[in-house]
Amino acid sequence: MSWTPDYTISNKLLSTIRAIGEALGELKSCHLSDQDLAKLEIEARELSSYASTSIEGNPLPLTDVKRLLKRRKEHGTLTQREYGGISTRSLASRKLDFVKLVKMGLIESKGTGRGTYYMRVS
């Protein structure tokens, strides 16, 4: 039994792959400062988190992803209540958001019950 992919390699796909390769080549030839690289890494992490939650069927708005990651960076920890203060999502959605961010390895859960808080992964 052979595996058949659910896609076809079209000219458009090949063109897109080529464009990505060219863009990577241009980026590698640039001499970016450490500060610029750090900004790009933050943006990439935000977009990756946003895309991952969207793919899984529970889209976390990009603005909420940015707020969560910023809050985590500034304070180190975040509780459900604090997240509720920066997000308009329902409690059930916020809980799912934390589960997904934990699975992605961006945060880890500490404590139990009402004492649960989330912190960045070292």
Looking across segment 78-108 at residues that are closer than 17 Å to LEU62 by Cβ and among the hydroxyl-bearing types (Ser, Thr, Tyr), the single one that is surrounded by the fewest Cβ atoms within 10 Å (Cβ to Cβ) is THR88
Residues that are over 13 Å from the mean Cα position of the chain (by Cα) and assigned to a strand (DSSP E or B), drawn from segment 82-119:
GLU108, SER109, LYS110, TYR117, TYR118, MET119
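Bear in mind these aren't lab numbers, they're just calculated from the coordinates by the rules spelled out. Owing to the predicted nature of the structure, the values given are computational and were not obtained by experimental measurement. Note that we place each Cβ from the backbone using ideal geometry, even for glycine, and neighbour counts take in every protein chain shown.
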